[in-house]
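Working notes, structure below.
The values are calculated or read from the model by the stated rules, or taken from the named source; none is laboratory data. Since the model is a prediction, treat every value here as computed from it, not as a measurement. Every residue, glycine as well, gets a Cβ built from its backbone with ideal geometry; the counts of neighbours run over all protein chains shown. Just the protein is used for accessible areas: all its heavy atoms, side chains included, with ligands, DNA and RNA removed. Shrake-Rupley method; radii C 1.70, N 1.55, O 1.52, S 1.80 Å.
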Amino acid sequence: MADLAQATATRSRTSFINDPKIRSILFQLAALIIIVLLGWDFLQNAQENLKAQNIATGFGFMENTAGFGISQTLIPYSESSTYGRAFLVGVLNTLLVAVVGIFIATIIGLLVGIGRLSKNFVVRLLSSVYVELLRNLPPLFQILFWYLAVLSALPGPRQSISLFGEVFLSNRGFIVPRPVFAEGTGYVVWAFGLAIVIAVFVASWSKNRLEETGRPLPTFRINLGLIVGLPLIAMALTGFPVSFEAPELKGFNFAGGVRVIPEFIALTVALATYTAAFIAENVRAGIMAVSHGQTEAAHSLGLRSSQTLRLVVIPQAMRVIIPPLTSQYLNLTKNSSLAVAIGYPDLVAVFAGTTLNQTGQAIEIIAITMGVYLVISIITSIIMNTYNRRVALIER
Amino acid sequence: MKRLISTFAFAGAFGLCAVGAQAATLDQVKSKGFIQCGVSQGLPGFSNPNDKGEWTGLDVDFCRAVAAAVLGDASKVKFTPLSAKDRFTALQSGDIDILSRNTTWTISRDTSLGLNFTGVTYYDGQGFLIRKDKNVNSALELSGASVCTQTGTTTEQNVADFFRANKMEYEVIAFATADETIKAYDSGRCDVYTTDRSGLAAERLKLTNPDDHIVLSEIISKEPLGPVVRHGDDQWFDIVKWTLFAQVNGEELGITSKNADEMLKSENPEVKRIVGTEGKFGEGLGIGNDWAFQILKQVGNYGEMYDRNVGPDTPLKLARGTNALWTKGGLQYAPPIR
Ligand SMILES: N[C@@H](CCC(=O)N[C@@H](CS)C(=O)NCC(=O)O)C(=O)O
């Protein structure tokens, strides 16, 4: 106690320059000022020199007419839209691949990872082959394989493979009927929303009940019934307002229906299966990190193998799995920029490719593109870190 | 990745110091002893490596002609293969001295990219290639078609204009390189492949069965293809510009790589001026007075260059057409050397 008082006294006597805390803040401030000044100088110089070289600068180009077509647009876009709009189309196309890819990769990765530890020899072998094969082939090669060897080998639109005459698979992609919403659809959506809310309640109520009485409820089945059943009832009551417009062959291609372009399928499938191989290894490592005693304890409590895995092993493995999983998700997102090789209109193809080439504003466009990837990465990391904090071991 | 590096080099070059007077390209070329020439990644007839790995083609020969004029040796050229979308950055950042890569001269490229077009080595227009068994005879029957093309080209914009102007539906799939584009077309992903008609003739050779495809008669755009240099270096701009003029004038005067030596003895004042036995035109350009003679002797005149690479006797089989001399009803016309 006396020591501490003395230390404080000494500190207050020395000049504030020597205070390590203040000093470190000062140094950081100085560094920041230098960086900002340098950056400012860089920008000024760049602007002047580009002007002297007769190269356009600034962000005004975002408002100019793009004048090129894009094969997949999640928001309305035409050739007369602006470069700004084309940029948004590109961002959304990148996000679509990332989200769908991450979803599929996680499921496959989890299954294969568990499969590698299976007691069944065949399952174990297949899982190992999967991991070793996909992890060791370059992703670009895998994308080209799916695109050129698998999807392009499909027959043309006139000879499409058809399922029930409603769904068509051809080298132009996967075509499904387009839902047409008539009046009354709103009720169905409400019913769906209501079903989800009830399902959440059921889940938490049954969890409490399990903890209090030890008796489990078939929560999954109840909720599935709710989520499918309620909207169905609503549909029946409103006289089935949702109908489907079947795709129809017209001229070169199909008209009507919703088309998933082969570029999207090839890119997403290739990236998802590739990333899944890494995720599988993370999952395996995570499960192996859970001490065997936990499994034995669970068994001796009378839990079945599947229950042990679901209730005891996986929740603990998650702590080990989440951090490397985050970087796999980021990898998948960044690898999606390989899209340009197969003509999928992602951010890099549409914006850092066509737009850059038409406007010539390399510095601005590359800066914006890097910014977008940075933001996507940061958001992904924040989400994963938040989740990680929730599953992290809380010492009691 | 390569693009990123050159963008950084580009940003660095423009950001770090006041460029002011950039070192003249001519001095740099002379001191390093060769010309760095940007070409395509493989377009037969224009710029394409042969089986020995040597670059051949009209665009390649043009760079050789500049090397003959500047360094007196047509072989002093190094080539940088560039995709359509990376080509301008490579020139702006100083990676290459000339871009000679079937590049269309447009106002936006000429005025907002910090570049200058030096002339037209090939007058072209955009066309469509389609499978014969689709039974299409006119581009106006293409409504609903899927179109394969390359990103970073004028092609991408022309096709949008064409379909829009004719109120037709279409889907465009744009690939980064020519090989990816033609492969996708060959595999049936697209109904039509579109690019410059010279490019169609060249890329067609890469198809599994070239004879199963036809080029539709419509020409939907003007594509004057020519060499490009950086804006702001007038001396280099003049040299590259007059290299082509010398080749065109050479053809007009009947000077070829074979008779160039004899032409040194010619009494025709026009011939004397071009082979350098009269006047001092090389001085104005800052290069040797035999500059045009070296071009014509080592590479040949425009007609020779054309016939050798893309003419009727080559696999491309392109008739001279609009690229004939103005005296023969074409558009190739060069200001006089005097
Ligand atoms: N002339 C057009 C098109 C030039 C172009 O890139 N054409 C393609 C298709 S013929 C090509 O040369 N590809 C060869 C390559 O990428 O190496 C332009 O300047 O934008």
Any idea how many residues of segment A:270-286 are open to solvent by 40 Å² or more (accessible area, probe 1.4 Å) and touching a residue at least 40 places away in the same chain (Cβ under 8 Å)?
-> 2
Go through segment B:202-219 and give me each residue that's within 27 Å of A:GLU263 (Cα to Cα) and within 14 Å of the ligand (Cβ to nearest atom).
-> B:ALA202, B:GLU203, B:ARG204, B:LEU205, B:LYS206, B:LEU207, B:VAL215
Kindly list, by first and then second residue, each pair from a residue in segment B:149-172 that is within 16 Å of the ligand (Cβ to nearest atom) to a residue that is among the charged types (D, E, K, R) and open to solvent by 30 Å² or more (accessible area, probe 1.4 Å), limited to pairs with Cβ atoms under 9 Å and residues at least 6 apart or on different chains.
-> B:GLN150/B:GLU180; B:GLY152/B:ASP86; B:PHE162/B:GLU218
Just one of B:ALA145, B:ALA84 is out of contact with any Asp or Glu (no Cβ under 7 Å at 6 or more places or on another chain) and within 13 Å of chain A (Cβ to nearest Cβ); which is it?
-> B:ALA84
Scan segment A:293-306 residue by residue and report those that are surrounded by 15 or more Cβ atoms within 10 Å (Cβ to Cβ) and outside any loop (DSSP other than H, G, I, E, B).
-> A:THR295, A:ALA298
Say whether the condition of being assigned by TED's automatic domain parsing to the domain that holds B:GLY276, in contact (Cβ under 8 Å) with a residue 24 or more places away in the chain, within 16 Å of the ligand (Cβ to nearest atom) and open to solvent by 50 Å² or more (accessible area, probe 1.4 Å) is met by at least one residue in segment B:38-47.
-> yes
Lone unmet requirement of (1) within 11 Å of chain A (Cβ to nearest Cβ); (2) within 11 Å of the ligand (Cβ to nearest atom); (3) within 25 Å of B:ALA319 (Cα to Cα) for B:THR104 | (1)
Of the residues in segment B:107-129, those that are facing chain A (nearest Cβ under 10 Å) and at negative phi number 8
For A:PHE252, which of the numbered conditions (1) out of contact with any Leu (no Cβ under 9 Å at 6 or more places or on another chain); (2) open to solvent by less than 30 Å² (accessible area, probe 1.4 Å) fails to hold?
-> (1)
Residue within segment B:246-259 that is within 16 Å of the ligand (Cβ to nearest atom), of a type in the set (Asp, Glu) and within 23 Å of B:VAL120 (Cα to Cα) present = no
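Residues checked against (1) more than 13 Å from chain B (Cβ to nearest Cβ); (2) open to solvent by 40 Å² or more (accessible area, probe 1.4 Å); (3) touching a residue at least 12 places away in the same chain (Cβ under 8 Å):
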position	(1), (2), (3)
A:MET318	yes, yes, yes
A:ASN331	yes, yes, yes
A:LYS334	no, yes, yes
A:LEU338	no, yes, yes
A:THR355	no, no, yes
A:ALA367	no, yes, no
A:MET384	yes, no, yes
A:VAL391	yes, no, yes
Options A:SER152, A:SER118; residue that is touching a residue at least 60 places away in the same chain (Cβ under 8 Å) and hydroxyl-bearing (Ser, Thr, Tyr) = A:SER152
Residue identified as of a type in the set (A, V, I, L, M, F, W, C) and under 21 Å from A:ALA66 (Cβ atoms) among A:LEU330, A:LEU374, A:LEU338, A:LEU347 | A:LEU347
Where residues in segment B:173-191 are touching a helix residue (DSSP H, G or I) at 6+ places or on another chain (Cβ under 7 Å) and touching a residue at least 60 places away in the same chain (Cβ under 8 Å), which of them is farthest from the ligand (Cβ to nearest atom)?
-> B:ASP191
Is at least one residue of segment A:203-214 out of contact with any Pro (no Cβ under 7 Å at 6 or more places or on another chain), within 30 Å of A:SER170 (Cβ to Cβ), more than 14 Å from chain B (Cβ to nearest Cβ) and not basic (Lys, Arg)?
-> no
Filtered residues of segment B:78-94 (kept if touching a helix residue (DSSP H, G or I) at 6+ places or on another chain (Cβ under 6 Å) and part of a loop (DSSP other than H, G, I, E, B)) = B:LEU82, B:LYS85, B:ASP86, B:SER93
Check whether at least one residue in segment B:220-243 is open to solvent by 40 Å² or more (accessible area, probe 1.4 Å), farther than 15 Å from B:MET305 by Cα, within 15 Å of the ligand (Cβ to nearest atom) and touching a Lys or Arg at 6+ places or on another chain (Cβ under 7 Å), and report yes or no.
-> no
Residues of segment B:50-64 satisfying the condition of being surrounded by 17 or more Cβ atoms within 10 Å (Cβ to Cβ) and more than 10 Å from the ligand (Cβ to nearest atom) = B:TRP55, B:THR56, B:GLY57, B:LEU58, B:VAL60, B:ASP61, B:PHE62, B:CYS63, B:ARG64
Has segment B:269-287 got any residue that is at pLDDT below 95, of a type in the set (S, T, N, Q) and either closer than 30 Å to B:THR154 by Cβ or more than 20 Å from the chain's Cα centre (by Cα) (or both)?
-> yes
Please go through segment A:47-91 and pick out each residue that is open to solvent by 60 Å² or more (accessible area, probe 1.4 Å) and either of a type in the set (Gly, Ala, Ser) or modelled with pLDDT of 95 or more (or both).
-> A:ALA52, A:SER80, A:ARG85, A:LEU88
For segment A:179-193, does any single residue satisfy the condition of being outside the structural domain of A:ALA270 (by TED's automatic domain parsing) and charged (D, E, K, R)?
-> yes
Single unsatisfied condition, B:LEU140 versus (1) open to solvent by 30 Å² or more (accessible area, probe 1.4 Å); (2) within 11 Å of the ligand (Cβ to nearest atom) | (2)
Might you check whether a residue that is out of contact with any Cys (no Cβ under 9 Å at 6 or more places or on another chain), of a type in the set (Asp, Glu) and either more than 30 Å from B:GLU169 (Cβ to Cβ) or surrounded by 12 or more Cβ atoms within 10 Å (Cβ to Cβ) (or both) occurs anywhere in segment A:210-231?
-> yes
